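Just below is one structure, and these are the notes that go with it.
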Amino acid sequence: MKIIDPIEPKKIFPRESIKIKGIVEIINGDTHIVAENKFVQSMLIWLTNMTSVNYLNLPANMTLYWRISTYNWDVYLGTNTTIPTVYNTSTLSSPIGTAPGTVADIKLGSTTNPSSGVFRTIFTSTWNAGTVSGTVGEMALYLSVRSTLQAFGWAQAFNPPVTEAKQLVSRLSAADGSLTPFTINTANPLTMNWTVQYTAV
């Protein structure tokens, strides 16, 4: 008698992973580019630290702060087209302006929940016409993060107040095949909408 394997009912799996995606929109005159960037280890360690922290030791003096993430953030531009992004990339290879780069004239931010299971933080940087020039082959998002891995259940004390260092957390580069280099049209402003997107998948 032939034994037939029973047919298993189809399993429906709950959402059990989170996808972190970086999306950069570039607007400069007739140039409009949308590309995906790469995160580096400073961002991964920061996310790990934020999920393992226990408490903040805040004294009675409420004027003390722990300055993190968006306290000091910027998007910088660079010209390099040959050096790819690696896991521990920490600076742009050839920044436009004095390192780490020329700060945008206007910086704005927002958070959105565009659809079920999708959340975004958007960093918008605009350089006025004539502020920056050259051919862009790389760019990076810098946030105020702690890129040293902390022990599980770590605590942050406020004596003295703490400000995390501004560090590169993600990079978009022509050398990664993610960006077509473009020459800045200096007659028009240059705007970058840098999105960090979290999706349950």
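Using only the Cα atoms of the stretch 36-135, what semi-axes does the equivalent ellipsoid have when each is the square root of 5 times a gyration tensor eigenvalue? Give whole Å, largest first. Spell out each step's value before the answer.
Numbers: eigenvalues 168, 69, 60 Å².
Semi-axes from the Cα gyration tensor: 29, 19, 17 Å.
From the protein chains alone at 1.4 Å, what is the descending order of accessible area for Asp176, Asp74, largest first?
Asp176, Asp74
Please report the carbon-and-sulfur percent of the accessible area for the chain; probe 1.4 Å, protein heavy atoms only, DNA, RNA and ligands left out.
Percent of accessible area from carbon and sulfur atoms in the chain: 56.
Count the DSSP beta bridges whose two residues both fall in the chain, then state the antiparallel fraction as a percent rounded to the nearest 5.
Taking every DSSP beta bridge with both residues in the chain, the antiparallel ones total about 90 percent.
Going by accessible area, probe 1.4 Å, with all protein chains left in place, what is the ranking of Glu164, Glu25, Glu36, largest first?
Glu36, Glu25, Glu164
Once you have the Cα-Cα distance between Trp154 and Val118, take 0.36 nm times their residue separation minus that, and quote the gain in nm to one decimal.
Numbers: separation 36, 0.36 × 36 = 12.96 nm, distance 2.89 nm.
Extra length available between Trp154 and Val118 comes to 10.1 nm.
So, taking all protein chains as they sit and a 1.4 Å probe, how much accessible area belongs to Arg67, in Å² rounded to tens?
It works out to around 70 Å².
Could you report the chain's accessible area per residue, 1.4 Å probe, as an integer in Å²?
57
Using the beta-carbon distance between Thr163 and Lys21 and R0 = 25 Å, what value does 1/(1 + (r/R0)^6) give for FRET efficiency, to the nearest 0.05? Before the final figure, lay out the partial values.
Details: r = 28 Å, r/R0 = 1.13.
Efficiency, from the Cβ-Cβ distance: 0.30.
Rolling a 1.4 angstrom probe over the protein chains, ignoring ligands and nucleic acids, what is the accessible area of Lys107 in square angstrom, nearest 10?
For Lys107, the solvent-accessible surface is approximately 80 Å².
Test of understanding: what is the full-extension gain from His32 to Thr70, defined as 0.36 nm times their sequence separation minus their Cα-Cα distance?
11.1 nm
Which of the listed residues, Phe182, Ala155, Asn37, is farthest toward the dipole's positive end in the chain, when Lys, Arg count +1 and Asp, Glu count -1 at the beta-carbon?
The listed residue farthest towards the positive side: Ala155.
Can you compute the modelled spin-label distance between Ala200 and Thr98, with each label point 7 Å from Cα toward Cβ, in nm?
The modelled label-to-label distance comes out at 4.7 nm.
Rg/Rh for the stretch 61-201: what does it come to with C-alpha atoms and Rh from Kirkwood? Intermediate results must be reported in sequence, preceding the final value.
On the way: Rg = 17.0 Å, Rh = 16.8 Å.
Looking at the stretch 61-201, the ratio lands at 1.01.
The values are calculated or read from the model by the stated rules, or taken from the named source; none is laboratory data. No experiment lies behind these values; they were computed from the predicted model shown. No Cβ is skipped: glycine too gets one built from the backbone with ideal geometry, and neighbour counts run over all protein chains shown. Note: accessible area is taken over every heavy atom of the protein model, side chains too, but ligands, DNA and RNA are not part of it. Shrake-Rupley method; radii C 1.70, N 1.55, O 1.52, S 1.80 Å.
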